[in-house]
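Bear in mind that the values in this text are calculations on the coordinates, not laboratory data. Everything numeric in this text was worked out from a predicted model, so none of it was measured. Because the Cβ atoms are built from the backbone with ideal geometry, glycine has one as well, and the counts that use them run over all protein chains shown.
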Amino acid sequence: TVMLEGTNISEGRGTGLPFQFVGAPYIKNSEAYAKRIQDYIRSDAVYLRPAEFQPTSQKWAGEVCHGVHIHVVEPKRIHTYALGLAIIRAAMDMDAKAFQWKAPGYEYNHKDLPIDLILGELDSHKKLEAGLDLKDPFWSKGEEEYARQLSETMIYRRQPITGLW
């Protein structure tokens, strides 16, 4: 859910289940949102329960957010990067006018959009806005090399999940 830091989607901070609840007040239909995300990821490794929550701090503090409660069913099969992209794209689909990118001023960089820094590619947000298919190789480039490098430093051996779908 780190990707959500670059958007106006709540990542559930200020609730009893941060990083499990995601949503926003402008997502009016939690069921449709859950279905849209699931249509993008097409995975039974995660269950998305439609939910409403009210953060007490951070994004949307004091407002009712409509979204999902993320239940990871099979951790070894969930591709969190793909899930993050799907959560963002689905929110854009639900209300493109209300959805917003967080303005520059993230970590050490005060020039570029935070989402581009988080995704590691400047102008990534433009690809999401343009509707680039979430299965496009753009979203998984560099993944195999990262998995290889990661495997050399992991303390606990685990096969990294690669390939968005």
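Strictly greater than 20 Å: what percent of every Cα pair in region 46-165 meets that? Please list the in-between numbers first.
On the way: 4049 of 7140 pairs.
Cα-Cα pairs in region 46-165 separated by more than 20 Å: 57 percent.
Quick check: from the Cα gyration tensor, does region 105-150 come out rounded (a/c under 1.5), prolate or oblate?
Working: a/c = 3.80, a/b = 1.19, b/c = 3.19.
In terms of gyration-tensor shape, oblate.
With the simple spin-label model, which puts each label point 7 Å out from Cα in the Cβ direction, the Glu52 to Asp133 separation comes to 3.8 nm. For the residue pairs Lys35/Lys76; Lys111/Lys141; Lys28/Lys127; Lys35/Lys111; Lys76/Lys102; Lys97/Lys127, alpha carbon separations beyond 28 Å are given by Lys35/Lys111; Lys76/Lys102. For region 1-23 versus region 51-110, the inter-centroid distance based on Cα atoms is 5 Å. Ranked by the mean number of other Cβ atoms within 10 Å of their residues, highest first, the peptides 52-65, 112-125, 77-90 come out as 77-90, 112-125, 52-65.
Using only the Cα atoms of region 62-112, build the gyration tensor, take square roots of its eigenvalues as a ≥ b ≥ c, and label the shape rounded, prolate or oblate: rounded if a/c is under 1.5, else prolate if a/b is larger than b/c, else oblate. It comes out oblate by the Cα gyration axes.
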